[in-house]
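Laboratory data are not the source of any read-out in this text; all were calculated from the coordinates shown. Every value quoted in this text rests on a predicted model; they were computed, and no experiment measured them. Virtual Cβ from ideal backbone geometry, glycine too; neighbours counted across all protein chains shown.
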Amino acid sequence: MDWIAGLLIPFVKALVLVVLLLTGFAYLSYVERKLVARFHVRYGPNRAGPFGLLQPIADGLKMLFKEEIIPRHADKLFYLMAPAIVVVPALLVWAVIPISNFSFRIFGYEITFYLTDLNIGLLYALAVAELGTYGIILGGWSSNNKYALLGALRTSSQMLSYSLPMGTALLSILAVVGSLSLVDIVNAQRGLWFIFLQPLGFLIYFITGLAETNRSPFDLPETENELVAGFVTEYGGIKFALFYMGEYISMMTTSALATTLFLGGWWGPFVDELPILGIFYFVLKMSAVVFLIIWVRASLPRVRFDQLMGFCWKFLLPLGLFNVMVTATVVALWG
């Protein structure tokens, strides 16, 4: 086995990807604060550095040097493990997300802009992404705090419920493509993006993505007006920052999957003639979805928990099943 192609190149690509994601997390928090401030006619961060660009660094240093306090009766093992369990799955999903079909050769080795093309890539992404839920549940349970425990219980019911309509939205894509490979799904959109074939599927995926990543208006597990800070009530310093790192990276992951599944991935004008443009198109589409997520946060109030669950079971899941039946019928008759 060639250890350079089998180990070194994937390790370097994974390292570069992690560095980009962690940097993206820091400045995505800055972008969100600036955008929400503009939506609400405020200034946002503007003191740390020119235009407030050093604010993420200032926040990181503040979190790093804050005093670490562990509750006396907390389960220390799971209390300390929980933040890592939230962050790591959000990073692992990117192993199968194809950013571009552009590749180049260096010293005889081909370098692609994704780590691997699994034939079960979509199943892998969904399975790994759901593991982050355990971090939130364990963090709330191990804190030995009633508000944190209530936030953890909300997380478990919310994630389990909204994963079902999300699955129905993705089943419609699988019925059209017939493959679980994310590269095959992107290539199937070369002529027509799936958002035009599956507008209802995209809407369901987007709404469930907000719920799965605890974004407004579905941020019930950490609602400060009811539960202090929910599952993060007993967390401070760098451990608190890791939870929000996981949330922001999950938001980027959800946007990247939306780009891959519904927005044509890297495809765009002149990609056949200049494949490197695919990277630009992917980042542009992903940024558009992130902007939409932030726009929703700035526009909609938080819902009640009974409304959250009722919307999922009484409306979103039946709508997703209806979309699957219509898609399956069309594919069977004209596919």
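Here are the numbers for this structure:
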quantity: Extension gain (nm, one decimal) between residue 321 and residue 157, 0.36 nm per residue minus Cα-Cα; calculated: 57.0 nm
quantity: Point-charge dipole on Cβ atoms (K/R +1, D/E -1) for the chain, about Cα centre, debye to 20; calculated: 780 debye
quantity: R0 of 30 Å, Cβ-Cβ distance residue 190-residue 131: FRET efficiency to nearest 0.05; calculated: 0.40
quantity: Gain in span if fully extended, residue 80 to residue 18, counting 0.36 nm per residue against the direct Cα distance; calculated: 20.2 nm
quantity: Inter-site label distance for residue 119 and residue 331 at 7 Å from Cα along Cβ, in nm; calculated: 1.8 nm
quantity: At 1.567 mPa s and 4 °C, Stokes D of the range 75-334 from Kirkwood alpha-carbon radius, µm² per second; calculated: 68 µm²/s
quantity: Computed label-point distance, nm, for sites residue 284 and residue 111 using a 7 Å Cα→Cβ extension; calculated: 2.4 nm
quantity: Two-site label geometry, residue 307 and residue 88: point separation in nm, points 7 Å out along Cα→Cβ; calculated: 3.8 nm
quantity: Relative contact order [Cα under 8 Å, 6+ residues apart], the chain, whole percent; calculated: 23 percent
quantity: Gyration tensor (alpha-carbon) shape descriptor, the range 183-335, a/c threshold 1.5; calculated: oblate
quantity: Cα gyration tensor category, rounded, prolate or oblate, for the range 208-247 with a/c compared to 1.5; calculated: oblate
quantity: Difference of contour (0.36 nm per residue) and Cα-Cα distance, residue 102 to residue 42; calculated: 17.5 nm
